[in-house]
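Participant: Let me begin by handing over the structure; questions about it come next.
The values are calculated or read from the model by the stated rules, or taken from the named source; none is laboratory data. A quick note: this is a predicted structure, and the numbers were derived from the prediction, not measured. Cβ sites come from the backbone with ideal geometry, for glycine too, and all protein chains shown count toward neighbours.
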Amino acid sequence: MSLLINSHQIPDNGFLDVEKQTYLGNAFISGTQSDNIGSTSETPYVLIRNTATNTKSMFVFIKKHSIIVTSAAIATFRYYANPTVTVVGNTLTPINLRANAASPASTILVTQAPTVSANGTFIADISTTNSGAPTVSTVLSIVDPGTSILVTCTASSGSAPVAYEVCWYELPYGSGL
């Protein structure tokens with residue numbers, strides 16, 4: 001099942017050819033180093049932006065959520081569509097998973113520690129514990145041009161290091177796959 005932001009992403013009989021997209025060099029990864037969010041309140045953590053002028057959609061296939069502590073702790077990551085952003089934050093440069101000099105750069109903008117005046121429309125939340133393994137979501141989500149996704153984090157301890165990672169493909173918008 002895919003998480004659709006609007007009705008223009010996947011035709012009724014469409015599919016995503018994962019192996020072909022990886023071979024073509026269109027798979028990317030971006031994420032944070034483990035760090036303390038410094039608060040137990042819901043905090044804007046990562047902003048993913050697909051600008052309105054982009055010609056590609058972002059097909060997210062893996063989201064990894066981690067909390068790294070030695071005592072019991074929980075972190076909840078929440079997803080919102082189209083937040084009101086006042087400061088985009090610090091750039092997290094996406095890496096192409098096809099490691100050669102000719103691999104294309106990502107057209108998606110990913111930043112950490114954005115400032116927002118409104119979170120946007122709630123999509124979902126994912127909780128993780130310090131079990132030693134990250135919580136991984138493989139639910140397909142699609143971010144079309146002109147759409148932004150805000151990831152917030154609420155940790156049970158402000159000093160608990162958290163980390164986030166996202167992997168995606170970029171395909172031409174409206175290509176019919």
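Participant: Could you tell me whether VAL166 is crowded, with 22+ Cβ neighbours inside 10 Å, more than 12 Å from the chain's Cα centre (by Cα) and aliphatic (A, V, I, L, M)?
Facilitator: Answer is no for this residue.
Participant: Quick one: how many residues across segment 130-139 are surrounded by fewer than 15 Cβ atoms within 10 Å (Cβ to Cβ) and over 16 Å from CYS167 (Cα atoms)?
Facilitator: The number of residues fulfilling the criteria is 3.
Participant: For residues in segment 11-44 being more than 30 Å from PRO161 (Cα to Cα) and of a type in the set (S, T, N, Q), which is modelled with the highest pLDDT?
Facilitator: Looking at residues that are more than 30 Å from PRO161 (Cα to Cα) and of a type in the set (S, T, N, Q), I get ASN26.
Participant: Further question on the same structure: I need the full set of residues from segment 54-73 which are among the aliphatic types (A, V, I, L, M) and either in contact with a Pro (Cβ under 8 Å, 6 or more places away or on another chain) or over 15 Å from TYR164 (Cβ atoms) (or both), in order please.
Facilitator: MET58, ILE67, ILE68, VAL69, ALA72, ALA73
Participant: Of all residues in segment 129-173, how many are in a strand (DSSP E or B) and not polar (S, T, N, Q)?
Facilitator: Qualifying residue count, segment 129-173: 21.
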